[in-house]
1. Evaluate the distance, in nm, between pseudo-label points positioned 7 Å from the Cα of Glu103 and of Asp269 along their respective Cα→Cβ axes.
2. How large is the translational diffusion coefficient of the range 173-273 in µm² per second when you combine the Kirkwood radius over alpha carbon pairs with Stokes-Einstein at 10 °C and 1.306 mPa s?
3. How much net charge surrounds His58 when only other residues with a Cβ under 12 Å from its Cβ are counted (Lys, Arg +1; Asp, Glu -1)?
4. Enumerate the amide H contacts of Ser50 below 5 Å, restricted to partners 5 or more residues apart or on another chain; note that Pro and chain-start residues carry no placed amide H.
5. Return Val88, Val125 ranked ascending by Cβ neighbour count within 10 Å, so the fewest neighbours appear first.
6. Charges only on Cβ, +1 for Lys and Arg, -1 for Asp and Glu: so what's the dipole of the range 123-198 about the Cα centre, in debye to the nearest 20?
7. Can you compute the radius of gyration and Dmax for the range 123-198, using only the Cα atoms, both in Å?
8. Can you sort Ser182, Ser215 by how many other beta carbons sit within 10 Å, fewest first?
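Quick note: the coordinates plus some simple rules give every number you see, no bench work behind them. Small disclaimer: the values here were computed from a predicted structure and weren't measured. Quick reminder, even Gly has a Cβ in these numbers, built from the backbone with ideal geometry, and neighbours come from all protein chains shown.
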Amino acid sequence: MSTGAASTTAAISANPTSKPVSTGATTSSPNADGSERDAPALSIRGLRTSFGDRTVLHGVDLDVHAGELVGVLGANGSGKSTMLRCVVGLTAPDTGTIEILGEPVIHRGGRSFAAAMVFQQIHLVGRRSVLDNVCAGALGRLTMRQSWSGFAFPRDLREEAMGCLDRVGLADRAYDRAGRLSGGQQQRVAIARALCQRAPVLLADEPVSALDPASAEQVMGLLLSLAEDGIAVAAVLHQPDLARRHCTRLVGLDAGRISFSCASYDLDDDTVAALYNPTAANLTKGPST
Ligand SMILES: Nc1ncnc2c1ncn2[C@@H]1O[C@H](COP(=O)(O)OP(=O)(O)OP(=O)(O)O)[C@@H](O)[C@H]1O
């Protein structure tokens, strides 16, 4: 297994109240042919997060480039969700930098819309139409008057949302109530809603954990195709084999530290075993990243 660059750089101080942060260094890693890569769409440096006196993330570094689908693996409680939640402003980091397209992510009193996020719990409004739910992805850029409260979404937004639904293969269900769709279809609607947010970075926290195998394959295939369209995608996954099949790169998070980063086809079974059962697997881990 090849491993990525070390991730133990010093955390860069951040103001924990006006979340993040300063302009941290961005790095570009070489392509397989040795050429320099573009700057990452998402760059996390020195991310440290605590709850009370318990530190959950210990200075995490992670880059995700446009065109990548990065799978984040790790045991329960290793900090995967916390890392994603920091990027979208749902959790406040202690220190570190988060940049999207080279711009520091600023969380103004809560959510940041620079990255879109989908969850295992899908959170659609079941009694509203599928199309309305997708339009809601644009709420961050609508005026109050244009948003939910009884007003129809603007026509151009509805057209854009229809395009997003078409992208996930559900344009024909646009006028159904969202609650009538299957779990897999609802997750695709949630992805369409994220696309309607127009974010260059898409984060997915266990997007397939509640889905049957065929739906899980379909959603993972969709995430990969969105990456191929130029979005930077990172997904927390609990299915290493599924992750190996669909992701372009895999990273391991072990007790709040990145323990490996490698091309999916390079991830071996011993490394997976060590990640999920580090004490039992008497294995030497690759260099931390
Ligand atoms: N809001 C919170 N308050 C206190 N502790 C929290 C909070 N959110 C997360 N934690 C703790 O932080 C640790 C990491 O949680 P996190 O959800 O990030 O892990 P995870 O790797 O996503 O786990 P899982 O695979 O089970 O979803 C856990 O011990 C969790 O209890």
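1. Roughly 4.7 nm, to one decimal.
2. 108 µm²/s
3. Details: positive: Arg48, Arg54, Arg257; negative: Asp61, Asp94, Asp254.
That sum, taken over residues with Cβ under 12 Å, equals 0.
4. Val56, Asp94
5. The fewest-first ordering by Cβ neighbours comes to Val125, Val88.
6. Roughly 200 debye, rounded to the nearest 20.
7. Cα-based Rg and Dmax for the range 123-198 come out at 11.0, 32 Å.
8. Details: Ser182 11, Ser215 18.
The most exposed by this proxy come first: Ser182, Ser215.
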